[in-house]
């Protein structure tokens, strides 16, 4: 192969490499950010945890801009300046809120539909000022869970003791008064018998036929009254027996609870200790994530590193797509030059080579 042709091919390859390097520098550098058409938007928050410069701004999961500045106002509110692509400017019915971008706690700003419906929806203008809100952190539920669980267990323990005391008192009262109910029924029956005898004696003593007749009529109705009294006493006895049965059933229900009370309380204490251990482990995980010297701490406290990695991945994917046709064109071009160098106007050089000059 001729040396000049070889040198020419090397030069073409170097020129292509320089062009590709320039394209890569243009795509991976700050030039796309400078030429992007963006508007400024100001959002006021009561607090802005985790929000820093270059924090992503999304809507419907699409990246529409980034945070350019975070400033603390005199009234202790936080003014966050956003740079939003003009074609993705939020609407007047959307609310900007601070949410967690991942399980590591990375913050992001997102525009979501507001709770209050608006009759007229407009696009926010450049340099507009709106109010934002902070989304609730799911880990706050675990912080309040321990105190609520302790209060619930205390209430359950107190209620169980009160029910046991009530059942014991009711059972004791009925057991103590059972003999009294039986004595009352016996005395009532005895009193009715004595009253019958007394009336018969009065009938014998009274000589007035009219009065005797009236007394006789009253005594004739007395057996029916006695029968009704006996039926009433029998019903009262049935009621007392049912009450005694219910108390026995209640005692059978409360006795196992009283026997296993210590075990139930121990199980509840074990569950509370397990919950405390889980919360302590979560706290250790949070402290490890907040350590700026660790891997998680670097990812959490250095959002610029995370965003650059994300942007680099996106740029590499886009560059690989754009470089494919360029490489194909360069390969075709060099192949044509190799087959016909006269395309570049090197006909005289070839003639000199044919005459023996190298």
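The values are calculated or read from the model by the stated rules, or taken from the named source; none is laboratory data. Only a predicted model underlies this, so the values are computations on that prediction, with no experimental measurement involved. FYI the Cβ positions are ideal-geometry reconstructions off the backbone, even for glycines, and counts take in every protein chain you see.
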Restricted to the stretch 332-350 and to residues being farther than 11 Å from residue 8 by Cβ and not in a helix (DSSP H, G or I), the residue modelled with the lowest pLDDT is 345
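Taking the condition at pLDDT 85 or above, outside any strand (DSSP E or B) and assigned by TED's automatic domain parsing to the domain that holds residue 313, does residue 13 pass? Walk me through it before giving the result.
Details: at pLDDT 85 or above: yes; outside any strand (DSSP E or B): yes; assigned by TED's automatic domain parsing to the domain that holds residue 313: yes.
So residue 13 fits the description; yes.
Given the residues 102, 68, which is the only one that is assigned by TED's automatic domain parsing to the domain that holds residue 125 and modelled with pLDDT of 90 or more? Lay out the reasoning, then the answer.
Details: 102 fails: modelled with pLDDT of 90 or more.
Result of the check over 102, 68: 68.
This table checks each residue for (1) part of a helix (DSSP H, G or I); (2) in contact with a helix residue (DSSP H, G or I) (Cβ under 8 Å, 6 or more places away or on another chain); (3) modelled with pLDDT of 70 or more.
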position: 203; (1), (2), (3): yes, yes, no
position: 213; (1), (2), (3): yes, no, yes
position: 216; (1), (2), (3): yes, yes, yes
position: 224; (1), (2), (3): yes, no, yes
position: 231; (1), (2), (3): yes, no, yes
position: 239; (1), (2), (3): yes, no, yes
position: 242; (1), (2), (3): yes, no, yes
